[in-house]
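The values are calculated or read from the model by the stated rules, or taken from the named source; none is laboratory data. Here the structure is a predicted model, which is why all the values come from computation and not from measurement. Quick reminder, even Gly has a Cβ in these numbers, built from the backbone with ideal geometry, and neighbours come from all protein chains shown. Remember, those area values only see protein heavy atoms, side chains included, never the ligands or the DNA or RNA. Shrake-Rupley method; radii C 1.70, N 1.55, O 1.52, S 1.80 Å.
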Amino acid sequence: FTRIRFVDSTGIIHTLATGTAADTLTAYGLAAAARGNLAFTDSPNGAFASRIRLLTPQSTFATVAGGAPQPAPDGTPARDAWFLSPTALAFNRAGDLFVAESGSCLIRRIGSDGRLTTFAGTGICAEAHTLQPAAGPDLPPPSGIAVDSLGRIFLLDSFGNSYRISADGKLSPSGFPPTLGSARIAIDSKDRVYLFSSFAGLRIWPDGRQEVIVKPPSETGVPPQGFGPTSID
């Protein structure tokens, strides 16, 4: 069964939760909140549409979104919502949870009142290609999202293009180099953006400076060169 684990600042791996026969986990798209809660998508019994669950620092679970299979218009209580292939989650500083739905090409927000609103996207998927970011109000299928301290969302599409979405939902290219395939995006407390593809990692500072932190392998079959646990801060 799936386990949820983390690596501490000394490089030690810890297990936070493990699925059981009675409560299986198919955790994907994890996001950590400031208070220590961890949100993740979970597909019970292999269902296509996923629920969103919360793992507390006490290792207890709570389902915060995903109920009966029904359309989820704005204003729907999150517990009754149904998401179309949620691929990524992110918290902002206020504790709102953002959900990227690749099936509908929408970014949804679950606020403190527990209700669902649309943050960005029209429900129509835009076409994008490698080195050709999509333009306009329609979003390409998202594969990753992250939120900075200003409330801006950074989105990564399935082709490796990245975008900025302003606080009012407007989409624009980020200017970051494409990851050329499936990748993940994250933002730290200093608003530094991290782009991780299968064999490389890039850190981008708010002033635009870029730093390679995981290099691609120099030879086939040779693991990439990474960074030590103390060089992240």
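Taking the accessible area of segment 81-213, probe 1.4 Å, and keeping the other protein chains in place, the carbon and sulfur fraction comes to 55%. Taking square-rooted eigenvalues a ≥ b ≥ c of the alpha carbon gyration tensor, is segment 135-195 rounded, prolate or oblate, where a/c under 1.5 means rounded and, failing that, a/b exceeding b/c means prolate? It is oblate, given that a/c is not under 1.5 and a/b is not larger than b/c.
Applying both filters, DSSP loop and at most 14 other Cβ atoms within 10 Å, to the trypsin sites (Lys or Arg not before Pro) of segment 134-213 gives 170, 190, 209. Prolate is the label for segment 89-171, because the ratio a/c of its alpha-carbon gyration tensor axes (a ≥ b ≥ c) is 1.5 or higher and a/b is greater than b/c. Less than 5 angstrom separates the built amide H of residue 72 from those of 82, all sequence-distant by 5 or more or on a different chain. Against the compact-protein benchmark of 2.2 N^0.38 Å, the Cα-based radius of gyration of segment 67-220 scales to 1.05.
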